1. What about Tyr63, is it touching a strand residue (DSSP E or B) at 6+ places or on another chain (Cβ under 9 Å) and of a type in the set (Ser, Thr, Tyr)?
2. Residue pairs, Cβ under 8 Å, 6 or more apart or interchain, first in the stretch 18-45 and in contact (Cβ under 8 Å) with a residue 12 or more places away in the chain and farther than 20 Å from Pro133 by Cα, second assigned to a loop (DSSP other than H, G, I, E, B) and small (Gly, Ala, Ser). List them.
3. Tell me, yes or no, whether the stretch 72-92 has at least one residue that is touching a helix residue (DSSP H, G or I) at 6+ places or on another chain (Cβ under 9 Å) and within 27 Å of Leu165 (Cβ to Cβ).
4. Of everything in the stretch 126-176 that's among the β-branched types (Val, Ile, Thr) and farther than 15 Å from Asp115 by Cα, which residue is least open to solvent (accessible area, probe 1.4 Å)?
5. Which of the following residues is among the small types (Gly, Ala, Ser), out of contact with any His (no Cβ under 9 Å at 6 or more places or on another chain) and assigned to a helix (DSSP H, G or I): Gly8, Gly18, Gly13?
6. Could you check the stretch 177-189 and list, in sequence order, the residues that are in a helix (DSSP H, G or I), open to solvent by 40 Å² or more (accessible area, probe 1.4 Å) and of a type outside the set (A, V, I, L, M, F, W, C)?
7. Which members of the stretch 29-52 meet the condition of being touching a helix residue (DSSP H, G or I) at 6+ places or on another chain (Cβ under 6 Å), open to solvent by less than 60 Å² (accessible area, probe 1.4 Å) and more than 15 Å from Trp121 (Cα to Cα)?
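The values are calculated or read from the model by the stated rules, or taken from the named source; none is laboratory data. What you are looking at is a predicted structure, and each value in this text was computed from that prediction instead of being measured. We place every Cβ from the backbone using ideal geometry, glycine too, and count neighbours over all the protein chains shown. Remember, those area values only see protein heavy atoms, side chains included, never the ligands or the DNA or RNA. Shrake-Rupley method; radii C 1.70, N 1.55, O 1.52, S 1.80 Å.
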Amino acid sequence: MTTVVVSGCHPEGYELYGRKFLETFHRRWPADHQLIFYTEEPVKMPRGECRSLWDIQGAMEFYARHKDNQQHCGRAEVSGWREKDRVRRYCYRYDALKWFKQCIIPHDAASRLPDGTILVWLDADIVTFADVPENFIAGILGSHDFVSLGRDRQTSELGFYALRLIEGNMTRAFIKNFSDVMLKDQVFD
């Protein structure tokens, strides 16, 4: 069973945290765990494959449609803003340009991976401080098809999840739907 870790970040994020993510992944993750890292501009990686975000079908079009819409970028108030958002004049929770990458990258990666692969999403600001055991991901996944970190009922957690890619077990449908929410502008409904 192959384990493939997928992540990505924008150019500023690479300088702030992405480089450290790649370095610690290289040093601490099992050698047989592959890494696919998506960026807007190519970066040098100690291990793994760097792919262009803009090669994902629909990514450039989504960006072009929404980059100038201040509400879609979290820069114009909408219902649901908190007082601190009003003071800052920005709300990251409503910044679709910030979040769309996390929705479309896993689907693109999965579309090129065979059934039976375990796909792991890790945010690019994750630093690995200890060696990851060889069967760690497979062990926490167990016989399930999907595992994620939990949070309280009002907060989502997308920093880590793992899923087993098998046609018909709903995981491929899940990540396709997750991608479609953005690329088909359903997130704004």
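1. Taking the combined requirement at face value, the residue does not satisfy it.
2. Pairs found: Gly18/Ala124; Phe37/Gly48; Phe37/Ala124.
3. no
4. Ile137
5. Of the residues listed, the single one that is among the small types (Gly, Ala, Ser), out of contact with any His (no Cβ under 9 Å at 6 or more places or on another chain) and assigned to a helix (DSSP H, G or I) is Gly13.
6. Asn177, Gln186 - these are the residues of the stretch 177-189 that are in a helix (DSSP H, G or I), open to solvent by 40 Å² or more (accessible area, probe 1.4 Å) and of a type outside the set (A, V, I, L, M, F, W, C).
7. Correct list: Glu40, Val43, Met45, Arg47.
So that you can scan it fast, the table gives a plain yes or no per residue for (1) in a loop (DSSP other than H, G, I, E, B); (2) within 23 Å of His10 (Cα to Cα):
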{"residue": "Gly80", "(1), (2)": "yes, no"}
{"residue": "Leu113", "(1), (2)": "yes, no"}
{"residue": "Leu119", "(1), (2)": "no, yes"}
{"residue": "Ala124", "(1), (2)": "yes, yes"}
{"residue": "Asp131", "(1), (2)": "yes, no"}
{"residue": "Ser143", "(1), (2)": "yes, no"}
{"residue": "Val147", "(1), (2)": "no, no"}
{"residue": "Gly150", "(1), (2)": "yes, no"}
{"residue": "Ala173", "(1), (2)": "no, no"}
